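Shown next, in structure tokens, is the structure this report addresses.
The values are calculated or read from the model by the stated rules, or taken from the named source; none is laboratory data. Being a predicted model, the structure only gives us computed values, none of them experimental. Here the Cβ is made from the backbone with ideal geometry for all residues, glycine too, and neighbour counts use every protein chain on show.
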Amino acid sequence: MSALPPGSVIGVLGGGQLGRMLAEAAGRLGFDGHVFSDRADSPAGRVAAKEFVAPYDDAAAARAFAAGCDVVTFEFENVPAATAAAAAERAPVRPGPRALDVAQDRVREKEFARACGAETATFAPVGSKADIADGLGRVGAPAILKSRREGYDGKGQAKVETGADVHAAWRAIGETPAILEAFAAFAFEVSLVAARGFDGSLAFYDLVENDHAGGVLRETRAPARDLDSLTPPARAVMTTALEKLDYVGVLAIEFFVMPDGRLLVNEFAPRVHNSGHWTQDATACGQFEQHIRAVAGWPLGDPARTADAVMTNLFGDDVLDAPRLAADPANRVHVYGKRPLREGRKTGHVTRVG
Ligand code: AMP
């Protein structure tokens, strides 16, 4: 494929903040960003050249949307497989369906991580309440029960400390196919964001360190501590994953760093990632432009870190503080334009540079 010329249309499935920042990056390179959102007046739709509103499982609408695009990508991994397939009938979808397939199912994701040569927490697939007690014997206590599909940001998860918790945990996740994972007593959490271009070239951002609370990312620090020892094994897993998936675009991998320095893969995100937001302000080519370049068949940009950075998420009406935060020249303030500002939901972020 030759590189898409400016003026081409890049379609994004998903209307949230990631879609918004993708549409902005597309616009800067002269593309029209078209957004497919399940509700009108979405954060992405408001900055896109066109917003297309339909339910995410409306395959006919996805087909019609893709007919007006030169390439289609997505901002969330729970795009229904049938929707992605329908879009693919009209335009190339990048990254392709294999990446969605792996990332949508926590059991397949762990198996894929192992096939990439990575370690993961010990796990057991759960199909019924009885499997939980069984699995607890195999993975050991404490463990975390997570729904296999559709979970994000700590939703659809319950801790299982003893056999007495099994019933409540099964109820808490909605009595749905699940995975029981050993609780990883990690020293800290890191993630790696990287891109693979249409020509197979690779670009890696620095490994970063993440703090979560209640399963939700609060802060990312670039670079992570122990960069020299952690980078080679993390990049090895990333390279294998990108190549096995014949991936085009940005991929993120979250890892637990164990006290002895071993890395366990927690999760793959086949898209731009919250822990990569710092790259907008502390590299020459941030993750959103990088993803647009990759899916448009352009050469990848320079991912080298130009300064240390700390990215802090803003939740709910925290963003009303944006003018005060913007007074500090070290702060780069990003507000997502969410309406309404719901408590606990990500509504912006601030990156402190230098
Ligand atoms: P997830 O939704 O799987 O990305 O989990 C969100 C966060 O919950 C992770 O970033 C960890 O902080 C925590 N967590 C998830 N799984 C485990 C585990 N097996 N052991 C310890 N902490 C976990």
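For Asp41, the requirement of being more than 22 Å from the chain's Cα centre (by Cα), modelled with pLDDT of 95 or more and surrounded by fewer than 23 Cβ atoms within 10 Å (Cβ to Cβ) is met. Restricting segment 240-269 to residues that are farther than 19 Å from Leu230 by Cβ and part of a helix (DSSP H, G or I) leaves a set whose member that is nearest to the ligand (Cβ to nearest atom) is Lys244.
Here the condition is being free of Cβ contacts under 8 Å to residues at least 60 places away in the same chain and under 23 Å from the mean Cα position of the chain (by Cα); of Ala26, Ala67, Ala54, Ala61, it holds for Ala54 alone. Within segment 78-106, residues that are farther than 17 Å from Val12 by Cβ sit with their Cβ atoms under 6 Å from residues that are away from the ligand (no atom under 16 Å from the Cβ) and aliphatic (A, V, I, L, M), at 6+ positions apart or across chains, in these pairs: Ala82/Ala59; Arg98/Leu245. Taking strands (runs of 3 or more DSSP E) that fall entirely within segment 96-196, which contain at least 1 residues that are within 12 Å of the ligand (Cβ to nearest atom) and under 16 Å from the mean Cα position of the chain (by Cα)? In segment 96-196, the matching strands (runs of 3 or more DSSP E) lie at 188-196. In segment 275-354, counting only strands (runs of 3 or more DSSP E) that sit wholly within it, the ones holding 2 or more residues that are closer than 26 Å to Ala194 by Cα and of a type in the set (Ser, Thr, Tyr) span 346-353. Is there a residue being surrounded by 21 or more Cβ atoms within 10 Å (Cβ to Cβ), of a type in the set (Asp, Glu) and modelled with pLDDT of 95 or more anywhere in segment 194-204? Among the residues of segment 194-204, not one is surrounded by 21 or more Cβ atoms within 10 Å (Cβ to Cβ), of a type in the set (Asp, Glu) and modelled with pLDDT of 95 or more, which makes the answer no. For the structure I just gave you, tell me whether Ala130 is surrounded by fewer than 20 Cβ atoms within 10 Å (Cβ to Cβ), more than 25 Å from Thr73 (Cα to Cα), assigned by TED's automatic domain parsing to the domain that holds Ala304 and free of Cβ contacts under 8 Å to residues at least 24 places away in the same chain. For Ala130, the condition - surrounded by fewer than 20 Cβ atoms within 10 Å (Cβ to Cβ), more than 25 Å from Thr73 (Cα to Cα), assigned by TED's automatic domain parsing to the domain that holds Ala304 and free of Cβ contacts under 8 Å to residues at least 24 places away in the same chain - is not met. Evaluating Arg225 against the criteria (1) within 16 Å of the ligand (Cβ to nearest atom); (2) more than 17 Å from the chain's Cα centre (by Cα) leaves one unmet condition, (1). Looking at this structure, is Leu180 out of contact with any Phe, Trp or Tyr (no Cβ under 7 Å at 6 or more places or on another chain) and surrounded by 22 or more Cβ atoms within 10 Å (Cβ to Cβ)? Against the criterion (out of contact with any Phe, Trp or Tyr (no Cβ under 7 Å at 6 or more places or on another chain) and surrounded by 22 or more Cβ atoms within 10 Å (Cβ to Cβ)), Leu180 does not qualify. If you go through segment 149-167 and pick out every residue that is small (Gly, Ala, Ser) and surrounded by 13 or more Cβ atoms within 10 Å (Cβ to Cβ), you end up with 4. Let me spell it out: the conditions are (1) closer than 23 Å to Arg271 by Cβ; (2) in the same structural domain as Asp131 (by TED's automatic domain parsing), and Ser201 meets all of them except one. Which number is the exception? The one condition Ser201 does not meet is (2).
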